[in-house]
Amino acid sequence: MNLEELKKKKDDCRKWKNVEPWYNQLLKVFDLHKEKLHVDYGDWFTIGKREDLTDSEFALIEETAQKLIPWRKGPFNLFGVEIDSEWQSNIKYNLIRPHFNLKDKVVADIGCNNGYYMFRMLEDKPKRLIGFDPSALTLHQFEFVNHFVKSDIIYEMLGVEHLEYYNHKFDFIFMLGVLYHRPDPVGTLKSLARGLNSKGEILIDTFMIDGEDEICLTPDKRYSKIPNIYFIPTIPALRNWLSRAGFEDIEVIATTTTTSEEQRKTKWSFDQSLEDFLDPEDPTKTVEGYPAPKRVYMKARKIQ
């Protein structure tokens, strides 16, 4: 696999008809240079203050943020512009935060979206931080924020299937909200294992169903109106997947039910959200009649 050719997609996509307006908007932002900005790594990842900008500069930040809608992950506060994303990603991050130490480690975030989690991880001072996500929109959202953060995070427009061919291995890999989108979940977990250094660790979350049997739900066509959801396992089934993929020390961190506190419509996302995906008569079920979204968070270590 010629990964260097695939990496060029990040530059080539700027010319795509739907992407070019985002890039042209960012070019205006790239002309705006600010130094020694305040950064807050809290729930609202915050960069700068309103008084750091002139009125015209503030208008540019606001306009750019609006042109990059929808914002799925966040929230962000950019110079006083509050980007209240569809997902309150701080809830997930705060849940997993006690379960890792990234200092001086080489870290990957698979399905990194706009980089919210990676920006939060900077506080841990990892040796290297690399995000993988093939989305052109979230790439531009990341570059918008990172222009002011000035981090050395690398954003690759690649997927989990490219991980094992990457030019180096990782000490810790996050893959949050990706596994259920993969038609071969065990193969995907094996890709994570091949992307790790010896005894490297992963932290994942995925949809789950209750039960002690080693089984999984395979939705017909859609789950919560999402077409590309393939397998939703019980925890014992997910343990088996991880074991077959070459992991040990498998630990359940938490199980959660998705609520409207964590996922909801905002002016920064516009379209449908959780309330539209659940049965209006019975919120314990999806509109298709399946169990409502529930997640399991698991951590595991590569066997060798």
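The values are calculated or read from the model by the stated rules, or taken from the named source; none is laboratory data. Bear in mind the structure is a predicted one, so any value in this text is a computation, not a measurement. No Cβ is skipped: glycine too gets one built from the backbone with ideal geometry, and neighbour counts run over all protein chains shown.
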Index of the failed condition, PHE270 passing every other in (1) in contact (Cβ under 8 Å) with a residue 60 or more places away in the chain; (2) hydrophobic (A, V, I, L, M, F, W, C); (3) in contact with a strand residue (DSSP E or B) (Cβ under 7 Å, 6 or more places away or on another chain): (3)
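Can you say whether LEU26 is over 20 Å from LYS150 (Cβ atoms) and in contact (Cβ under 8 Å) with a residue 24 or more places away in the chain, as far as the supplied structure shows? Show your work before the answer.
Numbers: over 20 Å from LYS150 (Cβ atoms): no; in contact (Cβ under 8 Å) with a residue 24 or more places away in the chain: yes.
The answer is no for LEU26.
So that you can scan it fast, the table gives a plain yes or no per residue for (1) touching a Pro at 6+ places or on another chain (Cβ under 8 Å); (2) part of a helix (DSSP H, G or I); (3) of a type outside the set (D, E, K, R); (4) buried (at least 22 other Cβ atoms within 10 Å of the Cβ):
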{"site": "GLN141", "(1), (2), (3), (4)": "no, yes, yes, yes"}
{"site": "SER151", "(1), (2), (3), (4)": "no, no, yes, no"}
{"site": "GLU161", "(1), (2), (3), (4)": "no, yes, no, no"}
{"site": "GLU164", "(1), (2), (3), (4)": "no, yes, no, no"}
{"site": "ASN167", "(1), (2), (3), (4)": "no, no, yes, no"}
{"site": "ASP171", "(1), (2), (3), (4)": "no, no, no, no"}
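For the stretch 9-99, give me every one of the helices (runs of 4 or more DSSP H) that falls completely inside it and has 1 or more residues that are among the hydrophobic types (A, V, I, L, M, F, W, C) and surrounded by 15 or more Cβ atoms within 10 Å (Cβ to Cβ).
Working: elements: 9-12, 20-30, 55-67, 89-96.
The helices (runs of 4 or more DSSP H) meeting that bar are 20-30, 55-67, 89-96.
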Qualifying residues in the stretch 86-109 (those that are more than 13 Å from the chain's Cα centre (by Cα) and of a type in the set (S, T, N, Q)) - the one farthest from LEU137 (Cα to Cα): ASN101
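Can you name every residue in the stretch 119-164 that is hydrophobic (A, V, I, L, M, F, W, C) and farther than 22 Å from ASP43 by Cβ?
Here is the first cut: in the stretch 119-164, the ones hydrophobic (A, V, I, L, M, F, W, C) are 119, 121-122, 129-130, 132, 136-137, 139, 142, 144-145, 148-149, 153-154, 157-158, 160, 163.
Passing the criteria: ILE130, PHE132, ALA136, LEU137, LEU139, ILE154, MET157, LEU158, VAL160, LEU163.
Looking at LEU60, LEU26 in this structure, which one is more than 21 Å from the chain's Cα centre (by Cα), at pLDDT 95 or above, of a type outside the set (Gly, Ala, Ser) and under 14 Å from THR138 (Cβ atoms)?
Details: LEU60 fails: under 14 Å from THR138 (Cβ atoms).
Of LEU60, LEU26, the one residue that is more than 21 Å from the chain's Cα centre (by Cα), at pLDDT 95 or above, of a type outside the set (Gly, Ala, Ser) and under 14 Å from THR138 (Cβ atoms) is LEU26.
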